[in-house]
Amino acid sequence: MARVYGVLVGLMAAMLLAACATPEQRAAFNASIAQRQVREVYAPRCQAFGYEPGTNEFAGCVERLATQDNGDAARAQAAAAAALIRATQPPP
């Protein structure tokens with residue numbers, strides 16, 4: 001769950017920076033976040049599972065973890081949006 005909040009904080013930071021950045025700067029920022037996540041989160045987990053860096057199996061592990069986290073973050077974002085909508089609607 002903490003990972004999901006970390007991703008959401010990263011997304012919010014990206015949105016704030018997007019307001020005053022060029023498309024190239026936004027792309028570079030997003031790429032740096034993704035590279036940091038791979039290096040600091042996914043790679044150590046895949047190594048702990050026994051995968052060797054530089055192999056197809058390791059790359060597949062990283063991809064699976066990233067896909068899972070993206071799904072978790074999307075679900076958390078949707079839940080937060082739904083809660084915000086419910087909170088701003090008048091009671092029946």
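From the residues in the range 42-59 that are within 23 Å of residue 6 (Cβ to Cβ) and not hydrophobic (A, V, I, L, M, F, W, C), which one is surrounded by the most Cβ atoms within 10 Å (Cβ to Cβ)? Steps first, answer last, please.
So in the range 42-59, the residues within 23 Å of residue 6 (Cβ to Cβ) come out as 42-49, 51, 53, 58-59.
With the extra rule that they be not hydrophobic (A, V, I, L, M, F, W, C), the set shrinks to 42, 44-45, 47, 51, 53.
Working: 42: 20, 44: 11, 45: 12, 47: 13, 51: 18, 53: 10.
Ranking the candidates gives 42 first.
Taking only the range 60-74 into account, find how many residues are closer than 18 Å to residue 10 by Cβ and crowded, with 17+ Cβ neighbours inside 10 Å. Outline the logic, then answer.
Step one: of the range 60-74, the residues closer than 18 Å to residue 10 by Cβ are 62, 65-74.
Now restrict to residues that are crowded, with 17+ Cβ neighbours inside 10 Å: 62, 65, 69, 73.
Within the range 60-74, residues that are closer than 18 Å to residue 10 by Cβ and crowded, with 17+ Cβ neighbours inside 10 Å number 4.
Computed from the coordinates by the stated procedures, all read-outs in this text should not be read as laboratory data. Not measured: the values here are computed from a predicted model. No Cβ is skipped: glycine too gets one built from the backbone with ideal geometry, and neighbour counts run over all protein chains shown.
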